[in-house]
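Asks: Before we start, here is the structure in question, set down as structure tokens.
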Amino acid sequence: MRFLIVLLLCLTSVLCKAQIKSGDLSGSWVAGKVNYLSGDDLPDENVLKYTYVKYTFTMPDKMYFSSIYHALGSELLFELRGNKLLVKSSVGFVMNTLKIMELSKTKLVLVMANANGSLESPTAIRYTFIQNR
């Protein structure tokens, strides 16, 4: 019986730690690599392969998207639902949903849906960001 209680407490603490909080995203993130979820490289003619992408997250629910190094970028809103990042317009309309595959203090991996809306497809786009200091 004690074992069961300890096991349940451990599982509960692990599940609570697994929740991503908006503070975990705080700061600026710059895309260092863009490829398909399958791991294949994007073709050279795909404009995403060579586009500068920076996301800046501020508390509690604002984010900025920029394709220019020195600019903060366009202000958007965001919401976290489990491992999904919902990108919203300034009035709260959901514009895009990204899947958070990995998050650490220095690395953020996001998946953008493919043309059919699938976040799990091998042709979904994976962005690997590094923390911009």
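The values are calculated or read from the model by the stated rules, or taken from the named source; none is laboratory data. Since the model is a prediction, treat every value here as computed from it, not as a measurement. Cβ coordinates were reconstructed from backbone atoms using ideal geometry, including for glycine residues, and neighbour counts include every protein chain displayed. Keep in mind that these areas ignore ligands, DNA and RNA; they rest on the heavy atoms of the full protein, side chains included. Shrake-Rupley method; radii C 1.70, N 1.55, O 1.52, S 1.80 Å.
Asks: For the chain, set up a GNM with springs between Cα atoms under 10 Å and report which of Phe93, Phe65, Phe78 has the largest fluctuation.
Replies: Maximum fluctuation in the GNM of the chain, among the listed residues, is at Phe93.
Asks: Residues in the stretch 58-100 near a label at Leu48, defined as backbone nitrogen under 13 Å from the 7 Å Cα→Cβ point?
Replies: Once the point is set 7 Å along Cα→Cβ of Leu48, 97-99 turn out to lie under 13 Å by backbone N, inside the stretch 58-100.
Asks: Among Glu102, Glu75, Glu45, which one shows the biggest mean-square fluctuation in a GNM of the chain, springs joining Cα atoms closer than 10 Å?
Replies: Glu45
Asks: Let me ask something else about it. Using Cα pairs closer than 8 Å and at least 6 residues apart in sequence, work out the relative contact order for the chain, in percent.
Replies: 24
Asks: HN-Hα J couplings of the stretch 65-82 from phi, Karplus 6.51/-1.76/1.60, θ = phi - 60°, integer Hz, Gly and Pro as x?
Replies: Whole-Hz 3J(HN,Hα) from phi for the stretch 65-82: 10, 9, 10, 10, 3, 8, 9, 5, x, 7, 7, 9, 10, 9, 9, 9, 10, x.
Asks: With springs connecting C-alpha atoms under 10 Å apart, model the chain as a Gaussian network and identify which of Leu25, Leu110, Leu42 has the largest mean-square fluctuation.
Replies: Most flexible of the set in this elastic network: Leu42.
Asks: When ligands, DNA and RNA are left out and all protein chains stay put, how many square angstrom of accessible area per residue does the chain have with a 1.4 Å probe?
Replies: Result: 63 Å² of accessible area for each residue.
Asks: For Thr128 and Glu75, what is the calculated FRET efficiency with R₀ set at 25 Å and r taken between the beta-carbons, to the nearest 0.05?
Replies: It comes to 0.55.
Asks: Related question: Under a 5 Å amide H to amide H cut-off, with H placed in plane at 1.01 Å, what residues pair with Lys84 once short-range neighbours are removed?
Replies: Ile100
Asks: Also, I was wondering about something else. With +1 on the Cβ of every Lys and Arg and -1 on the Cβ of every Asp and Glu, and nothing else charged, how large is the dipole of the chain about its Cα centre, in debye rounded to the nearest 20?
Replies: 540
Asks: Determine the relative contact order of the stretch 74-133: mean sequence separation of Cα pairs under 8 Å and six or more apart, normalised by residue count, in whole percent.
Replies: Numbers: 107 pairs, mean separation 12.7, N = 60.
21 percent.
Asks: Separate question: Give me the three principal axis extents of the chain from the C-alpha atoms, as integers in angstrom, largest value leading.
Replies: Its Cα atoms span 61, 33, 30 Å along the three principal axes.
Asks: Could you compute the net charge surrounding Val111? Neighbours are other residues with a C-beta less than 11 Å from the C-beta of Val111; K and R count +1, D and E count -1. Walk me through the numbers on the way to the answer.
Replies: Details: positive: Lys84, Lys99, Arg126; negative: Glu102, Glu120.
Here the count lands on +1.
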